[in-house]
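The structure appears right after this line, and notes come after that.
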Amino acid sequence: MKTARVLGAGVAGLCVAAELVARGCAVTVSDTATQPGPHACSWWAGGMLAPFCEGDTADELVVRLGQTAADWWEGQGVAVTRQGTIVVTLGRDRKELDRFARRTQGHFWLDTDGLTALEPDLAGRFERALHVPAEAHLDPRAALKHLRDRLEQAGVDFVAEPSQADGLTFDCRGLSARDALTDLRGVKGEMVVLRSTDLRLTRPVRLLHPRFPLYVVPRTDGLFMLGATQIESDDRRRSVRSVMELLSAAYALHPSFGEAELVEIGADARPAFPDNLPRITRRGYTIHVNGLFRHGFLLAPALARMAVETAFDGTKPELLHEDHA
Amino acid sequence: MRLYGTEITSRLMLGTAQYPSPAVLADAFQRSGAGIATVSVRREAGAERAGAAFWSLVRELGVTLLPNTAGCHSVKEAVTTAQMARELFDTAWIKLEVIGHADTLQPDPFGLVEAARILTGEGFRVFPYTTEDVVLADRLLDAGCEVLMPWGAPIGTGLGLTNIYGLRTLRAQFSDVPMVVDAGLGLPSHAAMAMEMGFDAVLLNTAVAKAGDPAAMAEGFAHAVQAGRLAWQADPMEPRDMAAPSTPVIGRAFLE
């Protein structure tokens, strides 16, 4: 039986482990914490599977590879909500919506009635909106826990310290892999979780704004995740300024958020390469899967598949960087 | 062009914020040949130089760095940020922004002069982000500034030169002072116009960073800056309100 080690049990490590298990491989996953938790930046993710919206600023391959994510997660038994995304702007930023529509695909225009039909609580608040029906979302923490449990049931060994054994290793440690991947950098993201008993949303809503863009992802029990800042820093402090910006934008999106309960404020640094695209880096028997930036849940499935393919089948996927450092 | 004794060859300066990725930012600099990069210190600073990875990418651009105090709303904040910038980037150059209005991001003229005086006193080479106001310009020069950065329009609006009369007056009043039109430019034609009016350089960020193809837009701006500069040096014709045929109209009484 083939064996492999996976370093890191964030979204990248768990997805790689799942692909390895699917190949009948005996897998050991090492992580400083044995359960998914706040030490991994995927814990703080929004959980949007929104390849088309990301295409506003991201490369074409994020749009393309990201389209496979929802099916993959569902195939793992994770609850995926396939209701699309709503994109809106405040009155004075109307042109931002036109620009966004021009630069992205897969969307349909909604007027006030169309928006009300999809999200009744947004009735009368926006003259027009975009609906991106093919997009989806999931609860990232539930997804990580589910995937971990499923892997454990499939015989994957979760340990705190990696074994010293040689052999095939998938290094998915995110920013902790900076010792090996020197051009990795941290891009800070801050998020807020609110609970509102007044407001109901079925799908993620993105509020475009030149200075304070916001997305709101509904979760169960009246919870809403607000995200996320994007600051060139690997600092993990939660700043007052960022939280104020997120809360102000949420309040502008819907005044009901003013009455919401402040449940959580989080921050972490996303691992990114200079082009903000993920990479599979092969060095002997070690394969690095890293640089998922703000696209962890969106791109980890495709990356994992490619990384395992390159290890077992010798394929050269498009995100493969072969170096011999 | 000499700015505080340093020869700068390119008359295009670019900001480093809001690009889709540092790789796109590097492309934009390469294709435009921009000679100066402004860098924001404040947001990225955090604890223990947490923005170091990004700054080292900016350093790799190989251009002169001009740190800025973007987002500072008080004299104290701006001065502290400038001091931090000097330490981080090992330069006395500072683009001084003291924002007076949260919505329009207009400079606070009073705070700007005060901060400029403090910083020049501490040996900084101050590039103040200012309005086109002539009196304010005079005060900034009194405070020790040797370069001025009047706005074209409020930051990030892309409106172009909204007060052409004011900018012309400013240029005419201080013809020896290097001036960089900073902020509000949206299109290469706006940059060309500023250069045609005799400004020494332009600085922009959003127009390039938020374009669908930032590198192409940066190159477009570079051509415009060059075109405008050549036009200024070439002493343009004066516009007139009647047609003047470039070929004589023989045999007609045209001075009727």
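The values are calculated or read from the model by the stated rules, or taken from the named source; none is laboratory data. Because the structure is a prediction, the values reported are computed rather than measured. Cβ placement follows ideal geometry from the backbone for every residue including glycine, while neighbour counts extend to all protein chains displayed. Keep in mind that these areas ignore ligands, DNA and RNA; they rest on the heavy atoms of the full protein, side chains included. Shrake-Rupley method; radii C 1.70, N 1.55, O 1.52, S 1.80 Å.
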Point to revise | Filter result (within 14 Å of chain A (Cβ to nearest Cβ) and surrounded by 19 or more Cβ atoms within 10 Å (Cβ to Cβ)) within segment B:211-227 | key: B:Pro214, B:Ala215, B:Met217
**Study point:** Subset of segment B:1-41 [among the hydroxyl-bearing types (Ser, Thr, Tyr), more than 14 Å from every other protein chain (Cβ to nearest Cβ), assigned to a loop (DSSP other than H, G, I, E, B) and open to solvent by less than 30 Å² (accessible area, probe 1.4 Å)]
**Key:** B:Ser10
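Filter segment A:241-254 down to the residues that are open to solvent by less than 30 Å² (accessible area, probe 1.4 Å) and either within 14 Å of another protein chain (Cβ to nearest Cβ) or within 26 Å of B:Pro22 (Cα to Cα) (or both) and list them by number. Give the derivation first.
Residues of segment A:241-254 that are open to solvent by less than 30 Å² (accessible area, probe 1.4 Å), as a first pass: A:242-243, A:246, A:249-250, A:253-254.
Within segment A:241-254, A:Ser242, A:Val243, A:Leu246 meet the criteria.
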Check your understanding: In segment B:158-178, is there at least one residue being under 24 Å from B:Leu25 (Cβ atoms), at pLDDT 95 or above and surrounded by 19 or more Cβ atoms within 10 Å (Cβ to Cβ)?
Key -> no
Practice item. State all residues of segment A:209-240 that are open to solvent by 20 Å² or more (accessible area, probe 1.4 Å) and assigned to a strand (DSSP E or B); if no residue qualifies, say none. Key: A:Tyr215, A:Leu223
Check your understanding: Is there any pair linking a residue in segment B:153-171 that is within 14 Å of chain A (Cβ to nearest Cβ) to one that is in a helix (DSSP H, G or I), with Cβ under 7 Å and at least six apart or on different chains, and which?
Key -> B:Gly156/B:Thr206; B:Gly158/B:Thr206; B:Gly158/B:Ala207
Revision key, fill the gap. In the set B:Ala183, B:Ala191, the lone residue that is of a type in the set (A, V, I, L, M, F, W, C) and on the phi > 0 side of the Ramachandran plot is B:Ala183
Check your understanding: A:Glu152: in a loop (DSSP other than H, G, I, E, B) and within 25 Å of A:Leu20 (Cβ to Cβ), yes or no?
Key -> no
Revision key, fill the gap. Only unsatisfied item for A:Val263, checking (1) open to solvent by 40 Å² or more (accessible area, probe 1.4 Å); (2) away from chain B (no Cβ under 12 Å); (3) under 22 Å from A:Pro210 (Cα atoms), is (3)
Exercise for review: Could you tell me which residue of segment A:298-317 is farthest from A:Val11 (Cα to Cα), considering only residues that are open to solvent by 10 Å² or more (accessible area, probe 1.4 Å) and either within 14 Å of chain B (Cβ to nearest Cβ) or in a helix (DSSP H, G or I) (or both)?
Suggested key: A:Asp313
Check your understanding: In the list B:Gly62, B:Gly51, B:Gly71, which residue meets the criterion of being within 14 Å of chain A (Cβ to nearest Cβ) and either under 19 Å from A:Pro274 (Cα atoms) or of a type in the set (Val, Ile, Thr) (or both)?
Key -> B:Gly51
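Out of curiosity, is A:Asp183 of a type outside the set (Gly, Ala, Ser), under 26 Å from A:Ile231 (Cβ atoms) and in contact with a Pro (Cβ under 8 Å, 6 or more places away or on another chain)? If you could, list the steps in order and put the result at the bottom.
Details: of a type outside the set (Gly, Ala, Ser): yes; under 26 Å from A:Ile231 (Cβ atoms): yes; in contact with a Pro (Cβ under 8 Å, 6 or more places away or on another chain): yes.
Criteria met by A:Asp183.
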Practice item. Those residues that are part of a loop (DSSP other than H, G, I, E, B), among the hydrophobic types (A, V, I, L, M, F, W, C) and open to solvent by 30 Å² or more (accessible area, probe 1.4 Å), I need them from segment A:155-167; list them, please. Key: A:Ala160, A:Ala165
Point to revise | Residues satisfying the stated conditions in segment A:176-199, i.e. modelled with pLDDT of 95 or more and open to solvent by 20 Å² or more (accessible area, probe 1.4 Å) | key: A:Arg195
Check your understanding: Limited to segment A:268-297, what total is found for residues that are more than 14 Å from chain B (Cβ to nearest Cβ) and closer than 17 Å to A:Thr229 by Cα?
Key -> 1
Practice item. Could you check, for segment A:266-277, whether at least one of its residues is of a type in the set (Gly, Ala, Ser) and in a loop (DSSP other than H, G, I, E, B)? Key: no
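To keep it simple, each residue is scored yes or no on (1) open to solvent by 30 Å² or more (accessible area, probe 1.4 Å); (2) of a type outside the set (A, V, I, L, M); (3) closer than 21 Å to B:Leu25 by Cβ; (4) at pLDDT 90 or above.
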| position | (1), (2), (3), (4) |
| --- | --- |
| B:Ala52 | yes, no, yes, no |
| B:Glu60 | yes, yes, yes, no |
| B:Thr80 | yes, yes, no, yes |
| B:Phe89 | no, yes, yes, no |
Exercise for review: Just give me the residues in segment A:225-238 being more than 9 Å from A:Lys188 (Cβ to Cβ) and within 14 Å of chain B (Cβ to nearest Cβ), in sequence order.
Suggested key: A:Arg238
Check your understanding: Which condition number does A:Arg200 fail, the rest of (1) away from every other protein chain (no Cβ under 14 Å); (2) in contact with a strand residue (DSSP E or B) (Cβ under 6 Å, 6 or more places away or on another chain); (3) not polar (S, T, N, Q) being met?
Key -> (2)
Point to revise | Residue count, segment A:100-147 (criterion: surrounded by fewer than 16 Cβ atoms within 10 Å (Cβ to Cβ), in a helix (DSSP H, G or I) and within 14 Å of chain B (Cβ to nearest Cβ)) | key: 2
Practice item. State which residue pairs qualify: first residue at positive phi and inside segment A:47-67, second residue of a type outside the set (A, V, I, L, M, F, W, C) and at pLDDT 95 or above in any location, beta carbons under 6 Å apart, and separation of 6 or more residues or different chains. Key: A:Gly47/A:His137; A:Gly47/A:Asp139; A:Gly47/A:Pro140
